[in-house]
Amino acid sequence: MKQERVDVEGWHNVMRFEDPDRGFLALVSVHNNNLGPGLGGCRMRAYDSYEAGLEDVKNLSRGMTYKNALAGIPFGGGKSVIFGDPHKDKTDDLFEAYGEAINLLAGQYIGAQDSGITTDDLRIANKITPHLVGIPDEQGRGGNPSPFTSYGVWKGMKAAAQTAFGDGSLAGKRVAIAGVGAVGMGLAELLHGEGAELIVADVYEPALAKARSQFNATVVPVEEIISQNADIFAPCALGGSINPETIETIKAKVIAGAANNQLTDIKLADRLAERGILYAPDYVINAAGVISVGLEWLGQWEHDALITRLDGIGDTLSKIFARSKTSGTSTAVVADRLAEEIFLNLRA
């Protein structure tokens, strides 16, 4: 296993791991460890370039620092990416190599599930390293955090609706979901159960077929989902959907979704506010999954207690929305400042 430190200013540690014989190339990034070891999921993706993967793992790990701080769990921000097609390139050797790489970090990083990774993948790596969470124990506690992330986004969306529309009910609301993977599909199920009208887009046809048949969702092309005539836009795929090219096409009055790094530039949050669009900061609304795995690592995972904590996501968002309104500062900046008060100990 080859390992090399990547010099990234402002990040605690970024490491490149490679084992060509097993087709393994990965990056592990710990952005900040003031609150504890870096905790965050592993993503597997066929990146266009090594540089694209490096940029992704940097941004994701930074987001985890802020997410974990506001989630109230004692962890810093970490993330890992494995280069490869999750539909074609998975082998036992690959995930054993991933386990070896995590061990080389000696507890600096705790991995979990993210896009392209399953609990079965983690079980293979877990034979090599103990520094993984999101794997259910003998009693079925913990495990795949995706359903909890869906639940937390749903609760956060209701808080956003209360602020934007004066009513937290999502019945009758038109919600455009970009990406119906594990989290997006779970969100769609919750919204359908509440009586929302769904519009969905995804590159994976079987997921679209499921959303159409089970939730009566309207399917539109991926490039058109952000501009739909909807009440709420829920980005639940890859990041960067809100950028200078797309921001003026948004018709929804609320943006509340599970994707990480939804804004390509935090300044875009100001433009959203100018347009009267309420933005639920991504790392606040999508924190449920990491709360679940964090409690699992701490040995404190219990279902009912977890749900009670996840219900608090809406309360945190409501606090951010209120402070944004009184300060005239975007919700994204308010969330960052609240998180920085915690992990930089600015309140001391």
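For the reader, a short list of remarks on this structure follows.
- The distance separating the Cα centre of the range 1-16 from that of the range 211-259 comes to 35 Å.
- Summed side-chain charge close to ILE124 - residues other than ILE124 whose Cβ falls under 13 Å, Lys, Arg +1, Asp, Glu -1: -2
- Less than 5 angstrom separates the built amide H of ALA258 from those of CYS236, all sequence-distant by 5 or more or on a different chain.
- Counted charge near GLY276, where neighbours are those whose Cβ lies closer than 14 Å (Asp, Glu -1; Lys, Arg +1): +1
- Other-chain or far-sequence residues with amide H under 5 Å of ILE199's (modelled H): VAL175, ALA176, ILE177, THR218
- Cleavage-rule hits, GluC sites (Glu not before Pro), the range 262-343, DSSP coil, Cβ neighbours within 10 Å at most 16: GLU302
- Selected from GLY107, GLY184, GLY84 as most flexible by GNM, with the chain as the system and alpha-carbon contacts under 10 Å: GLY107
- Simple rule: put +1 on each Lys or Arg Cβ and -1 on each Asp or Glu Cβ in the range 236-348, find the dipole, and look at LEU306, VAL290, SER327; the Cα lying farthest toward the positive end is SER327.
- Euclidean distance between Cα centres, the range 26-99 to the range 122-162, Å: 15 Å
- Whole-Hz Karplus values for the range 21-38 come out as 5, 10, x, 10, 9, 8, 10, 10, 10, 10, 6, 8, 10, 4, 8, x, x, x Hz, taken residue by residue from phi with 6.51 cos²θ - 1.76 cosθ + 1.60 and θ = phi - 60°; glycine and proline positions read x.
- Cα gyration tensor shape for the range 216-348, rounded if a/c is under 1.5, else prolate or oblate: oblate
- Our coupling estimate for the range 188-194, obtained by passing each phi through the Karplus curve with A = 6.51, B = -1.76, C = 1.60 and θ = phi - 60°, is 4, 5, 5, 5, 4, x, 8 Hz, Gly and Pro reported as x.
- Candidates GLY193, GLY156, GLY294, ranked by Gaussian network fluctuation over the chain, Cα under 10 Å, top entry: GLY193
- Just checking the listed ones, LEU104, LEU298, LEU278: in the Gaussian network model of the chain with Cα springs under 10 Å, the one fluctuating most is LEU298.
- For the range 10-105: rounded, prolate or oblate by the Cα gyration tensor [a/c cutoff 1.5]: prolate
- Average accessible surface for the range 1-56: 49 Å² per residue, computed with a 1.4 Å probe over protein heavy atoms with every protein chain in place.
- The residue list THR119, PRO136, GLY184 was ranked by how far each Cα lies along the charge dipole of the chain toward its positive end, using unit charges on Cβ atoms, and GLY184 comes out on top.
- The H on the amide N of ILE110, modeled in the peptide plane, is under 5 Å from the matching H of GLY38, LEU39, GLY40, each at least 5 residues off or on a different chain.
- Karplus-derived 3J(HN,Hα), 6.51/-1.76/1.60, for each residue of the range 45-57, Hz, glycine and proline x: 7, 7, 5, 5, 7, 4, 4, 5, x, 5, 5, 5, 5
- Overall, the anisotropy analysis places the range 49-158 in the rounded class: the square-rooted eigenvalues a ≥ b ≥ c of its C-alpha gyration tensor yield a/c less than 1.5.
- Computed [θ] at 222 nm, deg cm²/dmol, the chain (DSSP H ≥ 4; -39,500 (n - 2.57); rounded to nearest 500): -13500 deg cm²/dmol
The values are calculated or read from the model by the stated rules, or taken from the named source; none is laboratory data. What you see is a predicted model; the values in this text were computed from it and never measured. In this analysis, Cβ positions are derived from the backbone assuming ideal geometry, glycine residues included, and neighbour counts consider all displayed protein chains. For accessibility, only protein heavy atoms count, side chains too; no ligands or nucleic acids. Shrake-Rupley method; radii C 1.70, N 1.55, O 1.52, S 1.80 Å.
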